[in-house]
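Structure record follows, encoded as structure tokens.
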RNA sequence: GCGUCUGUAGCUCAGUGGAUAGAGCAAUGGCCUCCGGAGCCAUGUGCGGAGGUUCGAUUCCUCUCAGACGCACCA
């Protein structure tokens, strides 16, 4: 259904036209002076130059016309004020009508603007055989939210975890495994026949092997050289190492699925750098044939500089001087794979902002070589660093990188303690609820910030039940659930003919007007890849709801028609809140 | 050195070419015959600095200061 701002604009357009002004000036915005009006139109001031008239006269023409037009019932006020603002208030009956139709439609009347578009979302970025740590957190949380928003808007969203599964870490693990278990058949050059189906290690061992190998390679040059050699052999298809690699993948992926699952993050594709390998020889050949790739200092590079660059950007290296492919090559290969399989109409990559240059390079090569159509948007949604309270990158107390599991355990533990302080619920329920609230606290704490900026992770603040936090939003939903349950106990379910009535109080009208922003906020959040806009919306919605709640005795209302209207309104409020937190990637418990 | 991004209240963060720049936390003072007080109401402080464009700039431009990040064979 139409956004309420557009409804208002359409209602006043005839007034502009009839008074001799272009109706493109009939643009409505939310009022920035709520004490004066609900909506405003600044078009008269913009039109003043064009028509060489005083803004106030134009505003008066428009306001007068509307006041006498057939659309006048839509407004309770439309007035021209100095220097040329048109101040607008909506008739409460009109707002109620809008909400009633909203309530009846699927997705509350949100238009599915994305129908027919396929979008690849590249997020996650986990490395196989390395545990997830807080550095992976933002990509997963933000990406999941963007994916859900797009899907809700009707886009065919394809989320790809894009694993780091082809790098030096594989060689490191192979050689460390050789040192630990030299008798394994993978290291016996004379071994014939199949290799065991069972992996030669558990996830626990694997998690120990990689850090050990990584540390060893920094001290032991010989070991590092062996790892590089092993990586090279793996990448060139050496059978025994491919067999180990398969084991590493199987063991690690099961663990990654579990960990991402605990975060409420799922992927449609579990592809990785290894899947791009088959495209690389052809890719390099093609870039050479097209005359884009040339030798420079022994490496093969593609120029990506363009008119208008404020600085000459370095060329994109697609083959190292030792002949090996690298990051950019792999990402280009992945693009070829995606074009072949999906022909996406848009790409969204969600990574750390330090990779900005890399993606500029990759995108330009992809466009220059014609792998991706010129008009296909390739978006790099970059996010900033998650810092500790000291403003420096978040670390464990010992100064190491904190694992995601540990972070979540800490948050859930802290929430659990808070629940147990005030309530006597069963331990089992408290644990479960703590998990739900903890995830909301973590995700909301992250998503409520602008993605591109660094932000400070402050657990005490994020898990607080007060202020602009996830738990506060959940609390509001739980409170509404409680009222609805009590109502249905005594009065039963709402009949289908119950209508939301025109607002009886200012707090009620504020709640109703806030709900109408829903149609504006969700498409904007996706278009601008800005989940924090959804957060801001539901925080404000929770706030106006709580003010309404505090000033209105819903269950004691004696007028049954009015009471049913209240119930329907708060049910709609709950529905909108739940829809939005689902888009952010978390859910509300029944009690907390 | 060059480039990109950031700088808003004591702290954490929103925000817009337009009227009086908003929230939360923290501080202080109120509100329970009341559907969950994990709430509501009230009080105080600010656009890093200097120019410019504009009728109007916190927003756009230039310079400057401070911080983060990046600058070809890591991913």
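Values in this text are rule-based calculations from the coordinates and carry no lab data. The structure presented is a predicted model; accordingly, all values stated were derived computationally and were not measured. Every residue, glycine as well, gets a Cβ built from its backbone with ideal geometry; the counts of neighbours run over all protein chains shown.
Determine the shape class of region A:4-90: with a ≥ b ≥ c the square roots of the Cα gyration tensor eigenvalues, call it rounded for a/c under 1.5, and otherwise prolate if a/b is greater than b/c, oblate otherwise. It comes out oblate by the Cα gyration axes. Looking at region A:77-158, the DSSP beta bridges with both ends there are about 60 percent antiparallel. Could you give the angle, 0 to 90 degrees to the nearest 10, between helix A:356-368's Cα long axis and the longest principal axis of the Cα atoms of chain A? Approximately 90 degrees, to the nearest 10.
The protection proxy used here, the mean number of other Cβ atoms lying within 10 Å of each residue, ranks peptides A:449-456, A:258-265 as follows, highest first: A:258-265, A:449-456. In degrees, nearest 10, range 0 to 90: what is the angle between the Cα axis of helix A:427-447 and the longest Cα principal axis of chain A? Compared with the principal axis, the helix lies near 90 degrees. By count of other Cβ within 10 Å, fewest leading, how are A:89, A:192 ordered? Lowest count first: A:192, A:89. The C-alpha atoms of chain A define a longest principal axis, and helix A:470-491 lies at about 50 degrees to it.
Rg over Rh for region A:520-559 works out to 1.26, using Cα positions for both radii and the Kirkwood form for Rh.
Note that region A:188-260 shows a convex hull volume over its alpha carbon atoms of 111 Å³ per residue.
Region A:154-176 and region A:438-493 have Cα centres separated by 33 Å.
Ranking A:327, A:39, A:349 by Cβ neighbours within 10 Å, fewest first, what do you get?
Working: A:327 17, A:39 20, A:349 24.
Ascending Cβ contact count within 10 Å gives the list A:327, A:39, A:349.
Averaging over all projection directions, the Cα-based convex hull of region A:272-383 occupies 7.3 nm² in the image plane.
Quickly estimate the mean residue ellipticity at 222 nm for chain A, helices only: each DSSP H run with n ≥ 4 gives -39500 (n - 2.57), and the total goes over all residues, rounded to 500.
Taken over chain A, the calculation gives -17500 deg cm²/dmol.
Taking 13 Å as the cut-off, the amide N atoms of region A:550-572 that come nearer than this to a point 7 Å along the Cα-to-beta-carbon line of residue A:490 belong to A:553-560, A:563-564. Dividing the mean sequence gap of close Cα pairs (under 8 Å, 6+ apart) by how many residues chain A holds gives a relative contact order of 14 percent. With kT/(6 pi eta Rh) evaluated at 25 °C and eta = 0.890 mPa s, and Rh the Kirkwood radius from Cα pairs, region A:1-40 diffuses with a coefficient of 228 µm²/s according to Stokes-Einstein.
Placing a label point 7 Å from the Cα of residue A:504 along the Cα-to-Cβ direction, the residues of region A:570-592 whose backbone N falls under 14 Å of that point are A:570. Cβ-to-Cβ counts within 10 Å put A:191, A:133, A:519 in ascending order as A:191, A:133, A:519, the fewest first. Between the C-alpha center of region A:318-379 and that of region A:527-560 there is a gap of 43 Å. Normalised by the empirical 2.2 N^0.38 Å for globular proteins, what value does the Cα Rg of region A:470-584 take? So the Cα radius of gyration is 1.08 times the expected 2.2 N^0.38 Å. Each residue, residue A:180 and residue A:357, gets one label point 7 Å from its Cα in the Cβ direction; the gap between the two is 3.7 nm. Where both bridge residues fall in region A:272-383, DSSP classifies roughly 55% of the beta bridges as antiparallel.
The modelled label-to-label distance for the pair residue A:482/residue A:35, using points 7 Å beyond Cα in the direction of Cβ, is 3.5 nm. For region A:269-308 versus region A:24-94, the spacing of their alpha-carbon centroids is 56 Å.
Give me the Debye-computed log₁₀ of I(q)/I(0) at q = 0.16, 0.20 Å⁻¹ for region A:138-240, equal point scatterers on Cα only, no solvent, two decimals. Here log10 of I(q) over I(0) equals -0.79, -1.02. Packing order of peptides A:438-444, A:286-292, highest average first: A:438-444, A:286-292 (average count of other Cβ atoms within 10 Å over each peptide's residues). In this label model, residue A:397 and residue A:168 are separated by 3.3 nm, measuring between points 7 Å along each Cα→Cβ vector. The Kirkwood hydrodynamic radius of region A:335-489, based on inverse pair distances between different Cα atoms, is 18.9 Å.
Please quote Rg/Rh for chain A to two decimal places, taking the Kirkwood radius as Rh and restricting both calculations to Cα atoms.
Rg/Rh: 1.05.
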